[in-house]
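What follows is calculated from the coordinates using simple rules that are stated; it is not laboratory data. The model shown is predicted, which means the values in this text are computed figures rather than measured ones. Cβ atoms come from the backbone with ideal geometry, glycine included; neighbour counts cover every protein chain shown.
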Amino acid sequence: MRKTSYVVTFFVVAVSLLLNVFSIQRSDWLIVRYPEVLGSRLTVEYGLMRSCEYQAVRLPVGGGSKIEYSDYRCRSFPARVKDGCEKENQTFCVEWTTAGYLSELATGFGAVSTLAIVFGVTTHSRRRRIWKMVAALVALHAICLIGTFAIITDTYNQANFPGFERARPGVAYILGTLAWVTAVLLTFGVTVTGTAASMGHRWAAGNRAYTPIQG
């Protein structure tokens, strides 16, 4: 493969990696907004590792003016006792925790992919061989991201946790989606380009196309 192809691959992997990291850090994969009751509004955000609650209370004062009080708290999620992980929600907790682990594993594969690219572009001989390893690592990165997305999406569709019947996807869900779509497209691109380079196509291999050694 051309060095330019590896440079492009590096930056696309980096984009997918960053999208995944941001989605892990955020707490809004799914958002539940409860109806207002007696001037109090509750919004609960569910991330891969934590859950955050935002409560706003409007207090009437005097001739109709109102004072709004808000409170924002986060905690680890899912929690063994509070979220019923040892009883009624055991299956959900296992699935949600698995989604978080897969997302972290995807981060590892993405990071190793970038290191492999940096190592591979140092010499022409390495560039001829390293593309298969890069394609495999990016594919594993994509598979883990798809696994996370599939688990969260199934949980969302099945509403198998209290309150999830009101849930809606949040920003982190969108970032996670963009991450796996980017990784899948990149895997396809690296595989096609690398295969073409191995076959000697100049558009993929460059001016020093790969040609078999004549006996």
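Using a Förster distance of 45 Å, how high is the FRET efficiency between residue 188 and residue 90, based on the Cβ-Cβ distance and rounded to 0.05?
Numbers: r = 38 Å, r/R0 = 0.84.
It comes to 0.75.
So what are the ³J(HN,Hα) numbers for segment 7-13, from phi and the Karplus equation (6.51, -1.76, 1.60; θ = phi - 60°), rounded to whole Hz, Gly and Pro as x?
5, 4, 4, 4, 6, 5, 4
Could you give the nm distance between label points at residue 53 and residue 165, where each point is 7 Å from its Cα heading toward the beta carbon?
The modelled label-to-label distance comes out at 2.0 nm.
Between residue 22 and residue 7, what is 0.36 nm times their sequence separation minus the Cα-Cα distance? Round to one decimal in nm.
So the chain would gain 3.1 nm between residue 22 and residue 7.
I need the peptides 99-107, 36-44, 139-147 ranked by packing, meaning the mean over residues of other C-beta atoms within 10 angstrom, with the highest value on top.
Values: 99-107: 20.2, 36-44: 13.6, 139-147: 22.2.
Top to bottom by mean Cβ count within 10 Å: 139-147, 99-107, 36-44.
What is the packing order of peptides 82-94, 161-173, taking the mean over residues of other C-beta atoms within 10 Å and listing the highest first? Mind dumping the intermediate values first?
Values: 82-94: 14.6, 161-173: 16.8.
Highest mean packing first, the order is 161-173, 82-94.
Enumerate the calculated ³J(HN,Hα) couplings along segment 35-46 in order (Karplus 6.51 cos²θ - 1.76 cosθ + 1.60, θ = phi - 60°), each rounded to whole Hz, writing x wherever the residue is Gly or Pro.
x, 6, 10, 6, x, 10, 10, 10, 10, 10, 10, 10
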